[in-house]
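Novice: There's a structure below that I have some questions on.
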Amino acid sequence: MNIPSSKHPRVVIIGGGFAGLALAKKLKGKKFQVVLLDKHNYHTFQPLLYQVATGGLEAGSIAYPIRKVIQEYEDFYFRLTSVKEIDAENQKIISEIGDLHYDYLVIATGSKTNYFGNKDIERYSMSMKTIPQSLNIRSLILENFEQAVLTKDEAERNALMNFVLVGAGPTGVELAGALAEMKKAILQKDYPDLDITKMQINLIQGDDKVLNAMTEKSSKAAEQFLLKLGVKIWKNVRVTNYDGRTITTSGDLTFEAATVIWTAGVQGAKVAGLKADALVERVERIRVNEFNQVKGYGNIFAIGDIASMETPKYPHGHPMMAQPAIQQGKLLGENLVRLKNNKTMKPFDYHDKGSMATIGRNLAVVDLPHYHFNGIFAWFVWMFVHLFSLIGFKNRAVVFLNWVYNYVRFDREGRLIIRPYKKKSFTTFTSDEI
């Protein structure tokens, strides 16, 4: 990897997400050599991926170069690579570009989409965890309408204009609301020769309420907002299969849809090499203690979505969201300094600052520790929090100007098929691929 030797202990961080960057910033000037590894050279602000997918923002406005974050940090290095395996016995990681020894290893690989073992759904549906995936969704949405204009087959046209979102967490709810606003104010102008009223947005939820991690008040408000926007909500329905055209469910419901976006679950993006008892198999997260140390290891840590710190309040680990990741990253930075100086580490105590979701124009729900509100004020709070959570002044300015323009003109300028997406169909696979 061409990393020079150093008189300071080497900390290797795998992943440049919220947790990894929070830790890297905390280690600035703390007499460590820090090596940050990621398969992308940028940090993604994932809460706004849905706006990239629906043309509200361009990808560059929610991404920030990792090298720019650490360019003034002394003894800091970034390498663009994927880690294949951890060799804990020899204290090294094995990557696509070579091996690297570590004194302390921090796994901050985040999460990936969980398809619960269903290979057909994984093959034919769309997920939205990265910028390339969001751009694929944007292209597919627009390509569907371009194709719908051309076809004379009514059933085919209806399938192309039917969008099914599986999972009514924040991602599913926000994406459904954005699609509904496109239907209401944009698509009918772009495609005057289509009957846009036939466009369907179906939101399928396996539980009995949307936003099931939020309060009952916020859940009900979000559901009412979605229904008002014309989204069809199907609760207590579980998707069992999707073959690229037909969705089957646990009940009698079936849907004919060319586009299925899967937001029904996430799991840890694990790295090979750790002992089996350090992993939570069901969700592929890594078991850690109150100091984020991986079970069975003294100098390997895990933070963020990949870490499962089981406590009485969070028996299945902390929520897989940005705030726990950022807080764990910051505390681990302090604890690594303490560990180096032979001092007692501080246990992690998650401070829940609340949760929120936006459904559409002037529509959002916010749960704070002692307050719960919805509507236009919640929408402004959501915008303020997300705007100032972005990295970089330029990104904040670009996003703010885009939001102002979109609000005034009720338009989305990013309706561009920059990279055409070839959707997989059931008949495009050979027997060997299946």
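The values are calculated or read from the model by the stated rules, or taken from the named source; none is laboratory data. What you see is a predicted model, and the numbers here were worked out from it, not measured in a lab. All Cβ positions, glycine included, derive from the backbone under ideal geometry; neighbour counts span all protein chains shown. Just so you know, the surface numbers come from the protein's heavy atoms only, side chains and all, with ligands and any DNA or RNA stripped out. Shrake-Rupley method; radii C 1.70, N 1.55, O 1.52, S 1.80 Å.
Novice: Would you check which residues across the range 321-352 are under 30 Å from Thr113 (Cα atoms), of a type outside the set (A, V, I, L, M) and open to solvent by 40 Å² or more (accessible area, probe 1.4 Å) and list them?
Specialist: Residues of the range 321-352 that are under 30 Å from Thr113 (Cα atoms), as a first pass: 321-333, 347-352.
Next, only the ones that are of a type outside the set (A, V, I, L, M) stay: 323-324, 327-330, 333, 347-352.
Residues satisfying the conditions are Gln323, Lys330, Pro347, Asp349, His351, Asp352.
Novice: Please indicate, with yes or no, whether at least one residue in the range 130-145 is among the acidic types (Asp, Glu) and surrounded by fewer than 17 Cβ atoms within 10 Å (Cβ to Cβ).
Specialist: no
Novice: With respect to Asp411, determine if the residue is closer than 21 Å to His318 by Cα and of a type in the set (D, E, K, R). It would help to see each step written out before you state the result.
Specialist: Details: closer than 21 Å to His318 by Cα: no; of a type in the set (D, E, K, R): yes.
Criteria not met by Asp411.
Novice: For the range 231-245, enumerate the residues that are open to solvent by 40 Å² or more (accessible area, probe 1.4 Å), modelled with pLDDT of 95 or more and within 16 Å of Met161 (Cβ to Cβ).
Specialist: Lys232
Novice: Moving on to the next point. Checking the condition surrounded by 23 or more Cβ atoms within 10 Å (Cβ to Cβ), among the aliphatic types (A, V, I, L, M), in contact (Cβ under 8 Å) with a residue 40 or more places away in the chain and under 14 Å from Thr109 (Cβ atoms), which residue from Leu57, Leu27, Leu36 passes?
Specialist: Details: Leu57 fails: under 14 Å from Thr109 (Cβ atoms); Leu27 fails: under 14 Å from Thr109 (Cβ atoms).
Leu36 is the lone residue from the list that is surrounded by 23 or more Cβ atoms within 10 Å (Cβ to Cβ), among the aliphatic types (A, V, I, L, M), in contact (Cβ under 8 Å) with a residue 40 or more places away in the chain and under 14 Å from Thr109 (Cβ atoms).
Novice: State all residues of the range 189-213 that are open to solvent by less than 30 Å² (accessible area, probe 1.4 Å) and over 16 Å from Gly265 (Cα atoms); if no residue qualifies, say none. Before you say what the answer is, go through the steps one by one.
Specialist: Of all residues in the range 189-213, those open to solvent by less than 30 Å² (accessible area, probe 1.4 Å) come to 191, 194, 196, 199, 201-206, 210-211.
Tyr191, Leu194, Ile196, Met199, Ile201, Asn202, listed by residue number.
Novice: State yes or no: is Lys343 part of a helix (DSSP H, G or I), of a type in the set (Lys, Arg) and under 30 Å from Lys31 (Cβ atoms)? Lay out the reasoning, then the answer.
Specialist: Working: part of a helix (DSSP H, G or I): no; of a type in the set (Lys, Arg): yes; under 30 Å from Lys31 (Cβ atoms): yes.
No, not satisfied.
Novice: Look at the range 278-314 and say how many of its residues are crowded, with 22+ Cβ neighbours inside 10 Å and under 13 Å from Gly329 (Cα atoms). Before the answer, list the steps.
Specialist: From the range 278-314, those crowded, with 22+ Cβ neighbours inside 10 Å are 285-286, 288, 292, 294, 300-309; that's our starting set.
Add one more test, that the residue is under 13 Å from Gly329 (Cα atoms), and what stays is 292, 301-307.
Looking only at that region, the number is 8.
Novice: Considering the range 238-287 alone, what residues qualify as being under 26 Å from Gly317 (Cα atoms), among the hydrophobic types (A, V, I, L, M, F, W, C) and part of a loop (DSSP other than H, G, I, E, B)?
Specialist: Within the range 238-287, Ala264, Ala269, Val271, Leu274, Val283 meet the criteria.
Novice: List every residue pair whose Cβ atoms sit under 7 Å apart, with the two residues 6 or more apart in sequence or on different chains, where the first one lies in the range 309-325 and is in contact (Cβ under 8 Å) with a residue 60 or more places away in the chain and part of a loop (DSSP other than H, G, I, E, B) and the second, anywhere, is charged (D, E, K, R) and open to solvent by 10 Å² or more (accessible area, probe 1.4 Å).
Specialist: Met320/Asp305
Novice: Same structure, new question: Run His370 past the list (1) open to solvent by 20 Å² or more (accessible area, probe 1.4 Å); (2) in a loop (DSSP other than H, G, I, E, B); (3) within 28 Å of Glu223 (Cα to Cα); (4) in contact (Cβ under 8 Å) with a residue 12 or more places away in the chain and report the number of the one that doesn't hold.
Specialist: Going through the list (1) open to solvent by 20 Å² or more (accessible area, probe 1.4 Å); (2) in a loop (DSSP other than H, G, I, E, B); (3) within 28 Å of Glu223 (Cα to Cα); (4) in contact (Cβ under 8 Å) with a residue 12 or more places away in the chain, His370 breaks only (4).
Novice: Hey, another quick one. Does Ala19 satisfy being part of a helix (DSSP H, G or I), hydrophobic (A, V, I, L, M, F, W, C) and either modelled with pLDDT under 95 or within 30 Å of Leu175 (Cβ to Cβ) (or both)? So that I can check it myself, show each step before the final result.
Specialist: Values: part of a helix (DSSP H, G or I): yes; hydrophobic (A, V, I, L, M, F, W, C): yes; either modelled with pLDDT under 95 or within 30 Å of Leu175 (Cβ to Cβ) (or both): yes.
So Ala19 fits the description; yes.
Novice: Report, by residue number, each residue of the range 88-104 that is aromatic (Phe, Trp, Tyr) and assigned to a loop (DSSP other than H, G, I, E, B). Steps first, answer last, please.
Specialist: Going residue by residue through the range 88-104, those that are aromatic (Phe, Trp, Tyr) are 102, 104.
Tyr102, the sole residue that qualifies.
Novice: Taking the range 64-97, which residues are in contact with a Ser or Thr (Cβ under 8 Å, 6 or more places away or on another chain) and either among the small types (Gly, Ala, Ser) or buried (at least 17 other Cβ atoms within 10 Å of the Cβ) (or both)?
Specialist: Scanning the range 64-97 gives Asp75, Arg79, Thr81, Ser82, Val83, Ser95.
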